[in-house]
Amino acid sequence: MKIHEYQAKQLMGGRGIPVPDGQMATTVDEAVGAVRKLIESTGNPVVVLKSQIHAGGRGKGTFKEHPDVRGVNVITAGIDGGVEAAEEAVRDLAGKMLGSTLVTVQTGEDGKVVNRLYLEQGIDIDRELYLAVLLDRSVGRNIVMASTEGGVEIEKVAEETPEKILRQEIDPAVGLLPFQANALAQGLELEGDAAKNFGKFVTLLSKMASEMDTDLIEINPLVVTTSGDVMALDGKMAFDDNALYRHPDVAEMRDPTEEDPAELEAKAAGLSYIKLDGTIGCLVNGAGLAMATMDTIKAVGGEPANFLDVGGGADADQVSKAFEIITEDENVKGIFVNIFGGIMRCDVIANGIVEAVERVGLQVPLVVRLEGTNVELGKQIIEESDLSVVSADSLKDGAEKILELTGESR
């Protein structure tokens with residue numbers, strides 16, 4: 001699960017991790033009201049107005065409806081014109097940003113609608129750095145990644161100048177050790193108060209990542225101020241869904257408007273579904289088999305439209321719901337059902353498919369491959385239903401048949 005920048009900063013600030021003062025707004029009036037509070041409480045006439053969406057690259061992103069407006073705007077009107085001028089500037093910008101579609105390098109051409117803004121005090125920046133704590137699944141541990149190239153996409157840094165990325169692996173038994181924090185500070189060429197403050201910052205951040213079961217905490221940029229303070233100017237967090245029961249306060253931060261409606265619908269039905277960009281819908285039981293099915297579709301020249309695992313204990317209603325979710329995707333030109341019945345019985349899958357087709361209709365080709373428990377009964381149910389279904393004898397056979405029927409092979 002992902003959360004917004006303002007929520008990430010609330011969590012960091014609550015753990016003593018330095019963040020700028022800020023306030024979230026969902027309306028123009030709230031945004032304008034926050035300006036005076038920020039300027040008067042901080043004494044800083046510079047305010048930053050940020051779009052809040054679950055995507056990076058907001059600073060360079062632009063709005064479809066207002067190409068001249070950025071996703072992140074620095075408002076300096078308060079320097080010369082006072083609070084009133086800053087308020088008017090925010091009123092104009094917030095009116096254009098809220099409800100408009102922001103397009104960044106991470107949203108794709110469709111962009112995302114901005115429903116929340118974050119107003120934050122301006123900071124006197126001396127240096128911009130990159131810092132992240134992320135779960136490295138290859139070693140089963142969190143690692144700290146840092147770079148002097150703050151404000152730049154880390155993927156670009158990794159491709160062009162990989163030597164500028166510093167790494168420290170965290171032993172979960174002892175946490176990030178002082179010598180590791182010192183090594184990172186030296187690699188970032190920090191000295192004096194900046195080095196000391198960075199050490200405290202990265203130690204608290206790594207502890208937070210462990211205790212809150214995060215997959216990722218990314219701060220880009222992490223800034224060093226002219227006074228030697230170290231502060232999170234941005235904040236991105238993603239949490240392990242399977243651990244959210246330990247963090248009900250974090251679970252309440254979920255923003256359903258930032259998530260795919262079909263994925264939310266699937267989650268509510270107890271299904272694992274992720275929408276992809278292809279045209280072949282997949283309905284499979286078991287995550288491993290689902291991955292193998294998608295790989296096989298690609299291997300024979302197609303592109304999967306989704307990952308969908310109905311699990312080992314799904315009933316006919318869940319299978320029917322899974323089928324409905326796939327057919328709601330306008331990009332789907334064919335459906336491949338691939339079931340290996342162990343705990344999941346093939347007759348349950350068959351009944352679910354028949355029920356779903358009767359409910360929503362079948363507008364695209366359907367290939368079904370059934371193997372395992374009650375396979376003959378499952379095939380009999382489908383045959384007696386008079387559905388226009390093509391049977392497959394194997395995974396590869398099914399993938400090839402659905403591509404042939406849809407004409408989607410390369």
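Sort segment 125-251 into rounded, prolate or oblate with this rule: let a ≥ b ≥ c be the square roots of the eigenvalues of the Cα gyration tensor; rounded if a/c is under 1.5, and if a/c is not under 1.5, prolate when a/b is larger than b/c, oblate otherwise. Don't jump to the answer; show the numbers that get you there.
Numbers: a/c = 1.56, a/b = 1.48, b/c = 1.06.
Because a/c hits 1.5 or more and a/b exceeds b/c, segment 125-251 counts as prolate.
With a simple spin-label model that places each label point 7 Å from the Cα along the Cα-to-Cβ direction, the separation between Asp317 and Glu189 comes to 6.3 nm.
Rounded to the nearest 0.05, the FRET efficiency derived from the C-beta distance between Asp124 and Asp249 at R0 = 22 Å is 0.10. Bridgeable lysines around Lys96 (alpha carbons under 27 Å apart, same-chain partners fewer than 8 residues away excluded): Lys2, Lys9, Lys37, Lys50, Lys60, Lys64, Lys112, Lys236.
Ignoring everything except DSSP H segments at least 4 long, calculate the 222 nm mean residue ellipticity for the chain; use -39,500 (n - 2.57) per segment, divide by total residues, nearest 500.
Values: 13 runs with 157 residues, N = 410.
Rounded to the nearest 500, it is -12000 deg cm²/dmol.
Order the peptides 396-403, 73-80 from the highest to the lowest mean number of other Cβ atoms within 10 Å of their residues. Don't jump to the answer; show the numbers that get you there.
Details: 396-403: 22.4, 73-80: 16.6.
By packing density, highest mean first, the sequence is 396-403, 73-80.
Name the shape class, rounded, prolate or oblate, that the alpha-carbon gyration tensor gives for segment 21-121, where a ≥ b ≥ c are the square roots of its eigenvalues, rounded holds for a/c under 1.5, and otherwise prolate holds if a/b is larger than b/c and oblate otherwise. Since a/c reaches 1.5 and a/b is larger than b/c, the shape of segment 21-121 is classed as prolate. Taking label positions 7 Å along the Cα-Cβ direction at both Lys396 and Lys298, the computed distance is 1.8 nm, reported to one decimal.
If you take the square roots of the eigenvalues of the alpha-carbon gyration tensor of segment 296-364 and sort them as a ≥ b ≥ c, do you get rounded (a/c under 1.5), prolate (a/b over b/c) or oblate? Before the final figure, lay out each step's value.
Details: a/c = 2.13, a/b = 1.23, b/c = 1.73.
Cα axes put segment 296-364 in the oblate bin.
Axis angle, to the nearest 10 degrees, between helix 287-299 and the longest C-alpha principal axis of the chain: 80 degrees. Residues His4, His247, ranked from the fewest to the most other C-beta atoms within 10 Å, line up as His247, His4. When Val139, Val337, Val152 are sorted by how many other C-beta atoms sit within 10 angstrom of their C-beta, beginning with the fewest, the order is Val139, Val152, Val337.
With 10 angstrom as the radius, rank Phe307, Phe336, Phe201 by how many other C-beta atoms surround their C-beta, starting from the fewest.
Details: Phe307 17, Phe336 32, Phe201 23.
Ascending Cβ contact count within 10 Å gives the list Phe307, Phe201, Phe336.
Here the gap between Val139 and Thr27, fully extended at 0.36 nm per residue and compared with their Cα-Cα distance, gives a gain of 35.9 nm.
Taken together, the values in this text are just the output of simple stated rules run on the coordinates, not laboratory data. Every value quoted in this text rests on a predicted model; they were computed, and no experiment measured them. No Cβ is skipped: glycine too gets one built from the backbone with ideal geometry, and neighbour counts run over all protein chains shown.
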